[in-house]
1. Nearest 20 debye, what's the magnitude of the dipole of the chain about its Cα centre given +1 on Lys and Arg Cβ and -1 on Asp and Glu Cβ?
2. Sort region 1-56 into rounded, prolate or oblate with this rule: let a ≥ b ≥ c be the square roots of the eigenvalues of the Cα gyration tensor; rounded if a/c is under 1.5, and if a/c is not under 1.5, prolate when a/b is larger than b/c, oblate otherwise.
3. In bins 10 Å wide, starting from 0, what share of all Cα pairs of the chain does each bin hold, as a percent?
4. Could you calculate the contour length gain from Q48 to R206, that is, 0.36 nm times the residue separation minus the distance between their Cα atoms, to one decimal place in nm?
5. If I take every Cα pair under 8 Å that is 6 or more residues apart in region 1-159, average their sequence separation and divide by the length, what percent do I get for the relative contact order?
6. Report, in cubic angstrom per residue, the convex hull volume of the C-alpha atoms of region 94-209.
Amino acid sequence: MTAGIDSVLRGSRILPVLTVQDPATTHALADALAAGGARCAEVTFRTQGAEQVLETMAAHGGLTVGAGTVVTRDQVERAMAAGARFVVSPGYDEEVVARCQELGVPAVPGIATATELMRALRAGCHTVKLFPAEPLGGLRMLRALAAPFPQARFIPTGGIEERHLASYLADRAVLAVGGSWMATAAHLERGDYEEIRRLTAAAVDRSTP
Ligand SMILES: O=C[C@H](O)COP(=O)(O)O
């Protein structure tokens, strides 16, 4: 039986989403996130070196690491081989979810409509990524989607900033909030790990009751 994403995240309600161009920066990035109090992170398959970044971050030991932007079965397999403990997709794809279930890794498919949510729930995915959360309408959209599906939990992601956090986190349908605002491409380019630590700590602080 596959552990649920909630047990993998171990109560963490902040999910930093990382797109790392230079794998050599991974260790410093993991250090900064862990120092800020993050307990998990999502490494996107949007770069050449994503598997290497995943591997290094998983080996770091300070964070539970998942793979993001996973859109094929092959990427599910590569993510798991690199140490991913969960798999996030921008949309709902039956094959990706099925492969995750075969391999026993929690899948968090992206959904943007009630139809996609119904498909995800039917496939056994009770936690979904509302994506892209802010352009879709943010918390109003999340509440409207959640109302008919009390069994669903959401990880809203996309366009979220620190100022949106409190209201998302106060909603009982929200398991965690994801986003790149804590470690943006600009932070990584500048090597500004202190700012990454600071923004992570601020987000974690807001997520702690
Ligand atoms: O899948 C993750 C998103 O691309 C992160 O969205 P964001 O950069 O708007 O926080």
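1. The dipole of the chain has a size of about 700 debye.
2. In terms of gyration-tensor shape, oblate.
3. Percent of Cα pairs in each bin: 9, 38, 38, 14, 0.
4. Roughly 53.5 nm would be gained on extension.
5. The value is 17 percent.
6. Hull volume normalised by residue count: 124 Å³.
Read-outs: derived from the displayed coordinates by stated rules, not from any lab. The structure displayed is predicted, hence computed values, not measured ones. Glycine gets a Cβ as well: all are built from the backbone with ideal geometry, and neighbour counts include every protein chain shown.
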